[in-house]
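Heads up, the thing below is written out as structure tokens.
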Amino acid sequence: MKTMIEWLRKPWPYWVGGALLGIFNVILLAISGSVWHITTGFLTWGIGILDLIGIKIYNWEFFRIFNYTYGDIILNHNLFINKYTILNIGVIIGSLIATLLSSQFKLKRLKGKKQTILALVGGIIMGYGARITSGCNIGSFFSGIPSFSLHAWVYWIFVVLGAVAGTKILSKYLI
């Protein structure tokens with residue numbers, strides 16, 4: 001009989017991973033009353049950092065529109081300790097554990113200035129895109145599609161188109 005570590009090291013079938021993610025999302029909804037958010041946590045960290053250096057952004061139009069989401073966090077000044085932060089820390093720790101168990105953890109150096117700039121620009125574009133679509137692939141896709149949200153289906157179409165275009169650009173100019 002295989003040990004638990006040996007069982008965890010082998011790749012799981014995609015359907016098992018998908019079923020577990022779905023089950024955990026339902027449990028999260030039942031416990032916290034909200035679906036899985038990722039970029040919201042990073043946004044609140046940014047709010048907290050700007051608040052610490054004296055920049056008050058609470059009156060910006062974005063936060064007035066989405067007051068139902070950010071109002072409680074901002075008013076209680078729990079900018080770093082809130083459910084979004086706990087979820088993000090859980091994702092980071094869970095990913096690290098999964099990577100370590102599968103013996104896939106590797107530190108890599110960036111190849112040069114071009115790769116560093118492209119990584120930064122790509123990250124900024126992805127972050128901006130995640131905020132204007134009301135979330136990343138988790139909030140807009142993973143939590144939106146099962147709840148039959150129209151924005152999630154539109155998001156899915158444009159993610160596929162963007163992935164195809166991005167792959168063609170990468171393969172033609174950068175790889």
Quiz item: From the set of residues in segment 113-155 that are over 17 Å from THR39 (Cα atoms) and of a type in the set (Gly, Ala, Ser), which is nearest to the chain's Cα centre (by Cα)?
Solution: ALA119
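One line per residue, one yes/no per condition, for (1) of a type in the set (S, T, N, Q); (2) outside any helix (DSSP H, G or I); (3) touching a residue at least 24 places away in the same chain (Cβ under 8 Å):
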residue	(1), (2), (3)
THR85	yes, no, yes
ASN88	yes, no, yes
ILE93	no, no, no
LEU96	no, no, no
LYS106	no, yes, no
LYS111	no, yes, no
LYS114	no, no, no
GLY122	no, no, no
TYR128	no, no, no
Quiz item: Given the structure, is LEU52 closer than 17 Å to HIS37 by Cβ and either modelled with pLDDT of 75 or more or touching a Gly at 6+ places or on another chain (Cβ under 8 Å) (or both)?
Solution: no
Practice problem: Scan segment 23-45 for residues that are of a type in the set (Gly, Ala, Ser) and at pLDDT 80 or above and report the count. | Solution: 1
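The values are calculated or read from the model by the stated rules, or taken from the named source; none is laboratory data. The shown structure was predicted, so the numbers you read here are calculated from the model rather than taken from an experiment. All Cβ positions, glycine included, derive from the backbone under ideal geometry; neighbour counts span all protein chains shown.
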